[in-house]
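Worksheet: one structure, shown below.
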Amino acid sequence: MSERKKMAIIVHSGTLDKLYPVFMLSSTGGAMDADVHLFFTFWGLNAIKKGGLESAKLPGIMSVGTGMMKDKIKKVGTPTLTELLAMCRSTENVKLYACSTTMAIMDVKKDDLIPEVDDIVGAATFLDIAMDADVQLFI
Amino acid sequence: MANVKVDVDLDCKGMFCPMPIVQLKKATKNMKPGQVVRLVATDPGSVRDIPAWASKTGNKVLESSEESGVFTYLIEVS
């Protein structure tokens, strides 16, 4: 088997169009036996609040078209964000981290977060993971 | 493909990325080394995605073929 790879992704956006690539790449990365680390900060934190994935919308003025986009996504048989998260977790290779500073700024408590969140961490933890990661993305 | 014994059949027709890969991972998790999964898909992305998955997970694509838009892969679990 080839050497185990590592992915580190900063999830900065909380909109539907950005969260799809995050969870598509993470579920696939997990399925490819890569260790995937997702660090949720700023608007990305909204995605891991309870009900956050379900309520994610398209950005700005396009938000009015969110329902239509979700319908089209469903039509081609692509999973919802919630289902993709479940697939990520089923690989046992995808870890979720919440940014502690964002939580303080936005007054988000641990209980507000979905139970899939593995830990609440700071920048040093992310950098420790990212410095020797094979894939580093900011989405 | 006649000589290869297929242990698991995986129908991914109509599915798009990332579903075939996720399903393949799920299926191979409980398989033993040497066992073979036959995956059938219609996603054209699978042509490169399946070998890419195999190379990263250390599994082997024994055969792949296409017939009128349906792709068939035989993958041996390592």
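Computed values, structure above
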{"item": "Residue in the stretch A:49-61 that is assigned to a helix (DSSP H, G or I) and closer than 24 Å to B:Trp53 by Cβ present", "result": "no"}
{"item": "Lone qualifier among B:Glu67, B:Glu76, B:Glu63 - being within 26 Å of A:Arg4 (Cβ to Cβ), of a type in the set (Asp, Glu) and away from chain A (no Cβ under 11 Å)", "result": "B:Glu76"}
{"item": "Matching residues in the stretch A:23-43 - criterion: being in contact with a helix residue (DSSP H, G or I) (Cβ under 8 Å, 6 or more places away or on another chain), within 22 Å of A:Lys70 (Cβ to Cβ) and outside any strand (DSSP E or B)", "result": "A:Phe23, A:Met24, A:Ser26, A:Ser27, A:Thr28"}
{"item": "Test: B:Pro18 is more than 12 Å from the chain's Cα centre (by Cα), free of Cβ contacts under 8 Å to residues at least 60 places away in the same chain and more than 10 Å from chain A (Cβ to nearest Cβ)", "result": "no"}
{"item": "Tally, over the stretch A:79-101, of residues that are buried (at least 19 other Cβ atoms within 10 Å of the Cβ) and either out of contact with any strand residue (DSSP E or B) (no Cβ under 7 Å at 6 or more places or on another chain) or assigned to a loop (DSSP other than H, G, I, E, B) (or both)", "result": "7"}
{"item": "Output for the stretch A:104-139, where each listed residue is free of Cβ contacts under 8 Å to residues at least 60 places away in the same chain, outside any helix (DSSP H, G or I) and of a type in the set (D, E, K, R)", "result": "A:Asp107, A:Lys109, A:Asp118, A:Asp119"}
{"item": "Single condition A:Arg4 does not satisfy, out of (1) assigned to a helix (DSSP H, G or I); (2) surrounded by fewer than 18 Cβ atoms within 10 Å (Cβ to Cβ)", "result": "(1)"}
{"item": "Residues of the stretch A:7-59 that turn out to be aromatic (Phe, Trp, Tyr), buried (at least 21 other Cβ atoms within 10 Å of the Cβ) and more than 25 Å from B:Lys29 (Cα to Cα), as a count", "result": "2"}
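We did not get these values from a lab; they are worked out from the coordinates using the rules stated. These figures come from a predicted structure and were not determined experimentally. Positions of Cβ are backbone-derived with ideal geometry, glycine not excepted, and every protein chain shown enters the neighbour counts.
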